[in-house]
Structure formats: structure tokens, C-alpha cells
């Protein structure tokens, strides 16, 4: 009995940066019916004297075995290396016919008999020949082509191919293993249940067999399906990892498959890594590292990827500067590969450098920026590679100003602006991600470097109406950076209706779009003049702002309150607006301060009160009433909670409110008296040695202001 | 930074500067660049009364064991990088840098300009300005 490789148990996992998986549902006839000819075959497949592909597919169902066998060979030969032809034949219904042929040949029984003694050595019997050709054809459909994999799976070919692994003839075993390997190299392959005892035994048996394709199949299954901590530990305990390391000295295919499976077994699991490799890495580590100089580029890439997985899980082994430099330079060289290795290389580079300043510096010194920039410039660069390059540049610009400066000095804004208009959504998002990180440069924001660029501003505003919400959110990330008001270059953004778009997006049904639009508006109002603020009040209305403050999403609440905080930081006139429509905005602020449990939301809310308390007596009294709604009953519980909060930011913001309420002004003395009588000042006195220096200093400022009311 | 009443400029002159906070870990009291020698550093820092407690230790070993995290004064160097709204012929120079001391308690900033080609010890004094408001208000932004 063979272990079941079904059913699909969880969504497919991709080892590179996660992307949205587009599942193309391919509806194929499962029964063989020669009259069931699809009418959607493309014109190029129907030409030819013998009827072309349509006729060829029909011959797969021929009653004449020789015709059938020749048709199988011809299909197999035609589709090798051509995704277009594979897709064409899939649409013509070739795959289920081939699967049927294989199924019938296996059911025949003869194909599992050894070849007759009289036949030439190495020659297969007829049935076995059919098996080999049909299995090879299925493998070719699946090879490097997700639609092909899905078609093969939908045709029920997987268990048929598994049966071939037990054939007495190595050629049949080999072709079965190879075809299964093609399937398991795709994210659409079903998850293999590693933890199931029989499945594990079968997997181990594959790794211990002769035949490179069989062992590579075992490794490919592990690379595809080993995901959880338990599965990784099982690989270690079953001795699988040791076996995989032995393949690192094997054939190219074995080395590559082994590297991929080791990476899966090690991913995010420091315990498995250290238990397997020991304190110094030893033979396994050295064996992997040696492959970073292998003559095969794919092997070098996979070796780097495996080392990066190890490094990201534990810094026990890849600590030295030399190792890190080696990884960076190897990956930068691999960028020049014209094929799939070059396409995937930037993603691997991203996984190395993401979030790590030391690696950003190393990459900068190794001229990574220049090399990646050159990739961007090449004509007809394929979308996968371009996306990887943009994301790698984004990672490198995420932290260090030196990287951003270098990047900007290479005159990148023009091509990046062009990519904002790319027809592929993933490229538009990647370009936005890159720009978002680059526009974190306060130095260049201050110089108005981005806002003065009309083409860039225009392209970004256009993306705010993109059909894809993911693109909108990505564009909002860039916009919210470039509108920060260090200088007064916002006029172009406003003139191009950028502000209108932000108002519109703040009403989006998608929470991420709402909160990001609000963040952009918030940043726009940072130290902005009254004219800008009036435009926002007009565009948004007090009612909309209040509703956003009361939004169900915490991120939306937080940004809405932060926007109000900035709106009321200014002249008395700008504070007045929170009292419009019966103080609808102020009421909303108060309600969040009373009941929202989130510190970031509360922080913005309390700063709103602090800023309002900088206004006139009416404003100060309004804040006082909010804090002390009922005379003699003490302050609102939330207020005391903020003063005593474990979060020093909340304590500080609350003290600022009190400082502003008690600064010399006509009603200050009365408010100070109230603070004293309601017990607030005694709480403040207990904070005089607050562990946070800022809080301690401001408490003393407040107590100095109110020193008529007791010692401190 | 915005400089008002600049004789040769029609408008206030805005410059962009970058600062280094002296925390001993990332930046010490010794500049090590911008043509400032250790003697220049000591001469300028000692002009701040709040530096007095650290002077001997800084002169002895650079102050490497000092913990400034709870000190109510923050020492910085500010280096202007470029003019934002005017040309380089506005009559101001940004070739040098400022030694700066920020007082957390009374929210004042004092500084001394250093440039071997300019008059020494030109003073910078900044106080918090409420711009007509009766209180201290805070705006915020968040870069993505």
C-alpha cells in the first residue's frame, strides 16, 4: 500500500517573499470522450496538414495502440520548454487524456512485469513504454509551469505517478520520480503529511534508495512540505537531515534539492539547527558554505539561501564579517545571471538584508545599489526580476540615510515614477514600497526634493484611484511621507487634487485605506498653517471626523485623533472647529478616552486635550469639564489612570494637559483650586520622583506653577 | 533653523541641520571632525555651566564611563547641511557647527558657533515661543 499524498491540507507555501496567489481554475473534462472537443483552442494550434494539435490530442484517444504511443511521444516532444504550447495543449484537454492512458496502462498489469527475456536489454515492453511516455509527458506539463501542475493534479495523475516508484524497471521508476519532482517543485503541489507514520517511512525510503531522481523527489517533498516546528523536529529525529547533508556531495540535482530541503527544515528553528550542527557548525555548515563557490549558479544561490535561513534563525554561525561579505558579493554576482537564478536572486538578497543595518552597510560598500540600479535600467527586464530588484532596493533604503542618499544620487526618481504606471500591479506596489522607504529621508523631505517633482506627485495621486486597494495603500504610504510639512511645497499636491483624493479615501470601506489616508492627512497638517487646516475641515466635515474617531478599527481611530491633534495645534481659530456641530468632535474624543483600551489611541486623544487647553478660557473650561464632569466627584477615572499609567508617554501627556490648564490666565487660579480639591495635585505630588526623566521634570514644572496649594 | 533679519536676504533664511546627541555611546564630547580639535571641544563645552560636573572626567578619559541618560541637560552638536530657501550668497555661512546645550527644565537652548574662519563663540540662544497660545502644544507626524 502507498501512503496517501492527499488531501490538500493547507494553502501552498512559497519560500520567497509571500505574494497573493492567483489560482487559475482549469475546468477539464475528466472522461475520455473523442467527441468532446473544446471550441476554445487558439488558431495557432489548429493549423497544419495533419490537423495540428487538435488532431494530435484526438489521437491520444485512438484505439490503435501505436497511434496512441506516437501521439504521446509527439505531445511530449512538442511541449518541452514551451509554456505556450503547454497551455495550448492543456486547453485542448490533453492532460486528462494522457492521465487516462497512464491509468489504463497501470491497470493493465503487464507494465509491472519485467520485460520478456527475449527483448533487447534495456527495452521496455509495450505497456511500460506507454507508461514511460505518458508519465514523462505529465512531468513535462508540470515542469516549471503552475498551470501545468494544476492540470496534472486535477486529472488525478498524482497517485498514478506514485505507483510507478515501485516498478521493477528503473527507467519507469526514474520517470515517475522525475515527474513527481516537477510537481513538488511547485507551490500548488498538495501538502505531504510528514508527521503521518507511513508517510514518513515512505519519505525516508525515497531518500535511501538508489536513483538520483528518487532521492531528489524525497528532498523536493521536504522542501515543499516541511513547514511546522514539529515537522522540522521530525526530520531531525528521523535522521533525514544527515542524509540530506550527504547529498551535498552528490549530483547537481541532489545538491540543489538537498539545499532547498535543508532550508525548509531549518527555517526559523534555531533549536533544530543548533542540535543538528553543534556549537561550531562542523561538517554540515562547511558543506553548505563550500557550495557558495560551486560552478553552478543555481547551486550557489540555493547555498546562499540556506545560509541566510540559518543566519536569520540563529546568529551562532554566520556572525563574522567575512561570511556576510561573501554572501553579499555572491548574490550581487548572481544578479547578472540572465535566467531564473537572476530573477530569484534579488529576493534572496532581500531575505539577507531585511531589517539589518550592518548588512545594509556591507551591501552599500559592495556597490549593491549600483548593481540593482543597473538591473532596473535593462530593457525588457522581466516583471519577476524587476519586482525583486525594487523590493531589494526598498529593503536597503529602509534604515540608513547613507543608503537613501546614495540611491537618490543615482537619479532614480524618473524610472521609479515610470514604474508607478506599470501595467503589473505587483510592480506598482513594489515601486511604491521602494519610494516609501526612500522618502523617509528627512533631509530630502526638508529640501522639498519629492514634492517639487510634478511627475512623481501626479503619478502618486493617480495611484490613489487605482483599481487595486493594495496599490492604493502602497501609494498612501509614499504620499503620507512626502506631505510632511517641513517646508511649504504642498501646493502642487493640492493643485493636483491630491487632498480631495485623500478625503475620498478616508471614507473607503477598506480599513487599511482609511487609516493610511488619515495618516497622510495627519502628516499634511503637521505644523501646517490655518489655510491648510480650513481646507481639511471643509473637505472632511466635523461629522465625518467624529465618525472616524469612533471607527471600529484601532488604527483608524488613532490616525483620526492624531489628525485632530494637529488641527488644533495652532491658532485659537483652529481650535474652535472641534466645537462645531455641538462639539461633535470633542465628544468623540472624550468617548475614546473613556473606553478605548489602546495606548496609542489614548495618547493621541490626550494630546488633543492638551492642545485645546492652549486656547482661550472657553477652550480650557471645556477641557476641564471633560476631565471633571461632576463637581466634587473627583476626576474621570480615565484621567487618574493616565496619571498612574505604566506608560510614561501617557503620564507625560497628561501632565502637559494640567500644565496648560494651570498656566497663568484669568481662570487659572480657579482651575488650580479645583485640581487641589479634587485630589489631582496630591497624585501629581506623588510623581515628583517619577522614574521617567521627562515626566519628573514636567511634574516639577506643574508643581511650581501650583505651589500655592501645598508643599512638594 | 530660520534666521530672521538677515541683512543681505529679503526673506528669513531657512537651513536644514543634522544633530548629534552626546550620549557617550554614539557620540562623545570630542567632535573628531569639522576642524575641531579636542582643545576646541573643551573650550566650548566649558562655556555651559551644566558641563562643569563632567569637565575633569572628560579631560581625563573622554568621559567614557559617564551616564548622561538622567541628566536634565542634553548636549549636542548641530551641523547645518544646506540652505533651504536661499542661495549661498545670502550673507550667512554654514561652514561650521554649533555646540549646543538644551535645558530640559526651562526648555531653553544655548549654543556656540565654531568655525575656524569665523569670529569665535558666536552665541545661539533659543527659548520656547508659544506664539500667542497660553500653553504648550504638540503636533506629530509619522513616517511610513
Check: Expressed in nm², what is the orientationally averaged projection area of the convex hull enclosing the Cα positions of chain A?
Finding: 39.2
Checklist line | Cα gyration tensor of region B:96-144 - equivalent ellipsoid semi-axes, whole Å, descending | finding: 28, 16, 10
Item checked: Ellipticity estimate at 222 nm from DSSP helix runs (n ≥ 4, -39,500 (n - 2.57)) divided over chain A, nearest 500 -> -20000 deg cm²/dmol
Checklist line | Counting all C-alpha pairs of region A:374-524, share separated by more than 23 Å (%) | finding: 31
Check: To the nearest 0.05, how large is the calculated FRET efficiency for residue B:67 and residue B:33 if R₀ is 22 Å and r is the Cβ-Cβ distance?
Finding: 0.35
Checklist line | Potential lengthening between residue A:529 and residue A:410 on full extension [0.36 nm per residue; Cα-Cα distance subtracted] | finding: 39.4 nm
Margin query: Taking 8 Å as the Cα distance limit and 6 or more residues as the minimum spacing, I'd like the relative contact order of region A:387-521 as a percentage.
Written below: 22
Check: Can you give the average number of partner chain beta-carbon atoms within 10 Å of each beta-carbon in peptide B:125-137, as a whole number?
Finding: 6
Check: Helix A:425-438 versus the longest principal axis of chain A: what angle, 0 to 90°, nearest 10, using Cα atoms?
Finding: 40
Check: What is the fewest-to-most order of A:583, B:65, A:220 by other Cβ atoms lying within 10 Å of their Cβ?
Finding: B:65, A:583, A:220
Margin query: Suppose each label sits 7 Å from its Cα in the direction of the beta carbon; what would the residue A:270-residue A:108 distance come out to in nanometres?
Written below: 5.8
Note to self: Sorting check: for B:107-118, A:87-98, which peptide has the highest mean count of neighbouring beta carbons within 10 Å, and how do the rest follow?
What the structure shows: A:87-98, B:107-118
Next item on the list: Name the shape class, rounded, prolate or oblate, that the alpha-carbon gyration tensor gives for region A:349-463, where a ≥ b ≥ c are the square roots of its eigenvalues, rounded holds for a/c under 1.5, and otherwise prolate holds if a/b is larger than b/c and oblate otherwise.
Entry: oblate
Check: Applying 1/(1 + (r/R0)^6) with R0 = 56 Å to the Cβ-Cβ distance of residue A:251 and residue A:598, what FRET efficiency is obtained, to the nearest 0.05?
Finding: 0.50
Check: How well do other chains shield peptide A:607-620, expressed as the mean number of their Cβ atoms within 10 Å of each residue Cβ?
Finding: 3
Item checked: Relative contact order (%) - criterion: Cα under 8 Å, at least six apart; region: chain A -> 5
Next item on the list: Any chance you could get the radius of gyration and Dmax over the Cα atoms of region A:143-248, in Å?
Entry: 13.3, 38
Check: How do A:73, A:163, A:387, A:311 rank when sorted from fewest to most other Cβ atoms within 10 Å of their own Cβ?
Finding: A:73, A:163, A:311, A:387
Checklist line | Distance cut-off 23 Å, percentage of C-alpha pairs in region A:448-582 lying past it | finding: 27
Checklist line | Residues of region B:116-144 with amide N under 17 Å of the 7 Å Cα→Cβ point at residue A:508 | finding: B:144
Next item on the list: Enumerate the whole-percent occupancy of each 10 Å bin, from 0 to the last occupied one, for all C-alpha pair distances of region A:629-712.
Entry: 19, 56, 25, 1
Item checked: Spread of Cα-to-Cα distances over 5 Å intervals beginning at zero, given as percent, for region A:280-382 -> 2, 12, 25, 25, 19, 11, 4, 2, 0, 0
Next item on the list: Would you kindly state how much longer the chain becomes between residue A:591 and residue A:204 on full extension, computed as 0.36 nm times their sequence separation minus their alpha carbon distance, in nm to one decimal?
Entry: 133.2 nm
Checklist line | Spin-label pair residue A:319/residue B:25, simplified geometry with 7 Å Cα→Cβ offset, distance in nm | finding: 2.0
Next item on the list: Please list the radius of gyration and Dmax for region A:505-561, considering alpha-carbon atoms only, with Å as the unit.
Entry: 10.8, 31
Notebook entry, point to check: Size of region B:37-93 along its principal axes in angstrom, Cα-based, largest extent first?
Noted result: 43, 25, 19
Next item on the list: When a/c is below 1.5 the answer is rounded, else prolate if a/b is larger than b/c, else oblate, so apply that to region A:246-297 with a ≥ b ≥ c taken from the square roots of the Cα gyration tensor eigenvalues.
Entry: prolate
Note to self: Based on the alpha carbons, how large is the Rg to Rh ratio for region A:569-712 when Rh follows Kirkwood?
What the structure shows: 0.94
Next item on the list: Can you tell me the 0 to 90 degree angle between the C-alpha axis of helix A:668-677 and the longest principal axis of chain A, rounded to 10?
Entry: 70
Next item on the list: Would you mind checking region A:398-427 for residues with the amide N under 15 Å from a putative spin-label position 7 Å along Cα→C-beta of residue A:442?
Entry: A:399-402
Next item on the list: Using only the C-alpha atoms of region B:1-109, find the volume of their convex hull and express it per residue in Å³.
Entry: 118
Check: Can you work out the FRET efficiency for the pair residue A:358 and residue A:670, with r the C-beta to C-beta distance and R0 = 51 Å, to the nearest 0.05?
Finding: 0.30
Next item on the list: With viscosity set to 0.890 mPa s and temperature to 25 °C, compute the Stokes-Einstein D of region A:193-256, Rh being the Kirkwood radius across alpha carbon pairs; µm²/s, no decimals.
Entry: 211
Next item on the list: Considering Cα pairs under 8 angstrom that are at least six residues apart, work out the relative contact order of region B:1-119 and quote it in whole percent.
Entry: 29
Note to self: Under the 0.36 nm per residue contour assumption, what length would be gained going from the current alpha-carbon distance of residue A:572 and residue A:66 to full extension?
What the structure shows: 172.9 nm
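Quick note: the coordinates plus some simple rules give every number you see, no bench work behind them. Fair warning: this is a prediction, and the values are worked out from it, not measured in the lab. FYI the Cβ positions are ideal-geometry reconstructions off the backbone, even for glycines, and counts take in every protein chain you see.
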